[in-house]
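Colleague: Below is the structure I would like to discuss, written out as structure tokens.
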């Protein structure tokens, strides 16, 4: 009995000492935790107080304490540069802490403006950044242009059905192909103008010579190289002599120099640029109608074709073949407008519209940059007299497998001024970027202007249902 009782006492004392040791360890851990936390607070305070002094030492101390807090509390660290206050606010709300050192490698998540701010060589598996390496292939205009062209190698699709013709002007082959496309599009625009004037019973004498050359060029294009290879003369879409006639209504070098001189004088004298108002004769009046109405006007019955002279009938039939063969026939108008853009800029910077080849070439020479040029949609859908575009946000999270998230609530952005092709230099008419629209105060304020030149998805759907009686979404 006594021996057993003594054993129980020893066992109790042994267990008691174990519990005491356990509590001692907990106390020690708490003391260390408090001590290190005080050191961390002190050093962070010292860092901000003496930021300009002892910079590299304080940077090292901050890095060590952020790592300590990160592992001790399992708190995630983020770095955000270039503004983005909403992202910072959301992360802080979720318990994240911010590393104020933008160049530090201590972070779980980094959101920055430029790809060059990320060191991909030291990037850890657990770290998340908002840029992919070598992402310019789809985040720049020139990269997007080249990748969409390569789509034919991955899918059986004709890009002309959804992407307006686009060329990289710094690429020699692309630059040559653009000049051919510009000239043949010019010929097509002349034939469209000729047919409109014919149906409106206008005088065709002034355009007759251009129309004959334009017909030959368009007929040559629709035949293609294979159908004309046996001809004696070397194959050319547009000869120099033909182009001189087709471009007779465009600027030449002398007129371009005079135009630039007048613009320079206006800038020096501080005068506001006056809007160029063309004297609109009956044959130059244009109504903004959608493609279906214009087709209804130009759609000829057998009786109408019988009334046409032989040349006009050939032009009409050729344009019908164009419409069947070329998906982008509908976006080509009578002005042959092209839009030139810097290959890597955003927010509407450096974008200009031209319908003269000599002005495009002069624009390229005067400003050193990489340029792309794209066919301008000359008959866009107009909402309350304005151009618009639809902005959709997507998030690409992985390449393999390709994972794309789409934000379902898209929105519509409007130009500030009414759509008008008479003044191609008016960026408030032809561009819909918010950065541009907000710089202009519209004289006649309306519903769209009051809403910041924007529509929500629901507002746009309601407008289309009201005007078009169709559900497009």
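Colleague: Which FRET efficiency value, to the nearest 0.05, do you get for residue 102 and residue 76 by plugging their Cβ-Cβ distance into 1/(1 + (r/R0)^6) with R0 = 22 Å?
Modeller: On the way: r = 17 Å, r/R0 = 0.78.
The calculated FRET efficiency here is 0.80.
Colleague: Find how much the distance from residue 381 to residue 223 grows on full extension, using 0.36 nm per residue of separation minus their present alpha carbon separation; answer in nm with one decimal.
Modeller: On the way: separation 158, 0.36 × 158 = 56.88 nm, distance 3.18 nm.
Here the answer is 53.7 nm.
Colleague: A further question follows. Where does each of 187-195, 239-247 land if you order them by average Cβ count within 10 Å, highest first?
Modeller: Numbers: 187-195: 22.7, 239-247: 15.0.
Sorting 187-195, 239-247 by mean packing, highest first, produces 187-195, 239-247.
Colleague: Here is a follow-up. Can you compute the modelled spin-label distance between residue 369 and residue 38, with each label point 7 Å from Cα toward Cβ, in nm?
Modeller: The two pseudo-label positions are separated by 6.0 nm.
Colleague: Sorting 308, 197, 435 on the 10 Å Cβ count, fewest up front, what's the list? If you can, show how the numbers build up before the last one.
Modeller: On the way: 308 16, 197 19, 435 11.
Least crowded to most crowded, the residues run 435, 308, 197.
Colleague: Moving on to the next point. Going by average Cβ density within 10 Å per residue, which order do the peptides 355-366, 115-126, 403-414 take, highest to lowest?
Modeller: 355-366, 403-414, 115-126
Colleague: Can you classify the range 372-473 as rounded, prolate or oblate using the Cα gyration tensor, where a ≥ b ≥ c are the square roots of its eigenvalues, rounded means a/c under 1.5, and otherwise it's prolate if a/b beats b/c and oblate if not?
Modeller: Numbers: a/c = 1.82, a/b = 1.43, b/c = 1.28.
The shape class here is prolate.
Colleague: At a Förster radius of 25 Å, what calculated FRET efficiency corresponds to the Cβ-Cβ distance of residue 469 and residue 447, to the nearest 0.05?
Modeller: Values: r = 21 Å, r/R0 = 0.83.
It comes out at approximately 0.75.
Colleague: Next up: State, to one decimal in nm, how far the label point of residue 180 lies from the label point of residue 162, with both points 7 Å from Cα in the Cβ direction.
Modeller: In this crude spin-label approximation the distance works out to 2.7 nm.
Colleague: Moving on. So, by mean Cβ neighbours within 10 angstrom, what's the order for 94-103, 463-472 with the highest one leading? List each step's numbers first, then the result.
Modeller: Values: 94-103: 13.7, 463-472: 10.3.
Per-residue mean Cβ counts within 10 Å order the peptides as 94-103, 463-472.
Colleague: Label points 7 Å out from Cα along the Cβ direction at residue 84 and residue 408: separation in nm?
Modeller: Each label point is offset 7 Å from its Cα along the Cβ direction, giving 2.6 nm.
Values in this text are rule-based calculations from the coordinates and carry no lab data. Please read all numbers here as calculations on a predicted model, not as lab measurements. For neighbour counting, all protein chains shown are included, and Cβ atoms are generated from backbone atoms with ideal geometry for every residue, glycine included.
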